[in-house]
Amino acid sequence: MSKKGVVIEEINFIIQGRKDIDAKEISSIAISKYSQLRSAKLTECNKFSSVQEFALWWASQFVSQDGRCCYCKTKISDIQKLIQANLLKTRRVGRNGSGKRGPQFEVERMDSSSNEYSSENCKLACYYCNNDKSYIFPSGDYEQFLAKSKKEYFELLLRKLKRTDWEPAI
């Protein structure tokens, strides 16, 4: 069995039949996010030794956070619904704007001053909180004062989405 097959098997064990994420999706996300951490300016800050370690951390973190942003506590599946309904915008990134920020969790350093990406210093955050918090606010202050209003806004959008008379923007 290949390393990738072993990792997917281990991820399946971690997620234990959850319906909101699957091992192949986590593996794909982890490869993409890990390659960002391995970029030239972040290499020395990345304390994950391999993409396999990172993928297992991602799966464990997803389960421990119940698929919710570490700040606003909104499920990533709800954020994806809002994006699909054009109630939330994404940001194009990468060469030729082929990537998107928004539909997947991002790796959030809880202590931005340490500049370290490690299992002890990182959680999963939605793009909207991660981008808003940036390195400007300490994690605790952001969660206490700003994340609650973001959650209330997402809940408002979800209620709007559930209304039967609402039509998505074209």
query = How much accessible surface area, in Å² rounded to 10, belongs to the heavy atoms of Ile31 with a 1.4 Å probe?
reply = 80
Too-long pairs where the Cα-Cα distance tops 18 Å, listed order kept, from Lys81/Lys151; Lys89/Lys148; Lys89/Lys160; Lys73/Lys123; Lys33/Lys89; Lys24/Lys73 = Lys89/Lys148; Lys33/Lys89; Lys24/Lys73
ask   = Carbon and sulfur atoms: what percent of the 1.4 Å accessible area of the chain do they account for?
value = 51
query = Accessible area per residue of the chain at 1.4 Å probe, in Å²?
reply = 59
ask   = Based on Cβ point charges of +1 for Lys and Arg and -1 for Asp and Glu, what charge dipole magnitude is obtained for the chain about its Cα centre, in debye rounded to the nearest 20?
value = 600
key: Solvent-accessible ranking of Phe137, Phe145, largest area first, probe 1.4 Å   = Phe145, Phe137
key: Residues whose placed amide H lies under 5 Å from that of Leu88, excluding near-sequence neighbours   = Ile83
message = Distance between the C-alpha centers of the range 114-166 and the range 21-35? Whole Å please.
response = 21
query = Protein chains only, probe 1.4 Å: how do Lys150, Lys100, Lys123 rank by accessible area, largest first?
reply = Lys100, Lys123, Lys150
Potential extension, Gln80-Asp20 segment - 0.36 nm per residue separation minus Cα distance = 20.5 nm
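The values are calculated or read from the model by the stated rules, or taken from the named source; none is laboratory data. Because the structure is predicted, anything quoted here is derived from the model rather than measured. FYI the Cβ positions are ideal-geometry reconstructions off the backbone, even for glycines, and counts take in every protein chain you see. Please note that ligands, DNA and RNA were not included when accessible areas were found on the heavy atoms of the full protein model with its side chains. Shrake-Rupley method; radii C 1.70, N 1.55, O 1.52, S 1.80 Å.
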